[in-house]
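Read the structure below first, then the notes.
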Amino acid sequence: MRKKLCFLGLSLFLLPPVSAIAGGHQPDGRECPVGLVNGMTLDEEFGPDSAAITHCLKQRTRVKIVIQANEFCLDRVSNAECKRPYALINMPKMIEDFEITHGMKLGRDYEMAVIAHTRGGPLMLKDETVNQFRNNVESLMKKGVRFYLCQNATRAMIRNGLLPARDATANIIDGVEYVTAGLTAVSDFQYQGYIYVQP
């Protein structure tokens, strides 16, 4: 019994402190975080021992994410009154976390695809009187995010007069691609190894 207690005491002495395990080095040897969002350390920004209790991403390469945008607005207001676009409002923070905090690069370390369908379809329209968030989409596309529009949602927008018949493609944001159906595309992207995110 005495030998077991001595071994346990020696083992505890040799183990690194909990703070070193919880918030220090990652498996690839990089510190967490590798970048500071507000120019301060986590302890400076949030208080003592914040870094020690911060979970950082373990997977920093070959990350693939598919996001479902099935609403136009984050808030329950009309599309015209909307100030916060559904899904699009969260994506810059995701990119910031990947790139600033974890040192990842879109297109090199991670991929991000958005599938717009049902009430999210209008987010893909060029007409800024209908889609006041066109610039948000184009800005994300410039960073390397890929956008797909459900053809069933496109048909619905044609029926509702948001898109012209036989010329819908010319009226969606340049660079947006189609999927035949939003929900089956979400499952297909998952089959290809994408992690599904519902914002």
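Among 78, 50, a tally of other beta-carbon atoms within 10 Å of each Cβ gives an order, fewest to most, of 78, 50.
A simple count of charges around residue 153, restricted to other residues whose Cβ falls under 11 Å of its Cβ and scoring Lys, Arg +1 and Asp, Glu -1, yields +3.
Working note: Cα atoms of region 58-197, range along each principal axis, descending, whole Å: 46, 31, 26. Extending 7 Å from Cα along the Cβ direction at residue 78 and again at residue 156 yields two label points whose distance is 2.0 nm.
Relative contact order, whole percent, for region 27-147 stands at 29, derived from Cα pairs under 8 Å and 6 or more residues apart.
We did not get these values from a lab; they are worked out from the coordinates using the rules stated. Just so it is clear, the model here is predicted, and its values are computed rather than measured. FYI the Cβ positions are ideal-geometry reconstructions off the backbone, even for glycines, and counts take in every protein chain you see.
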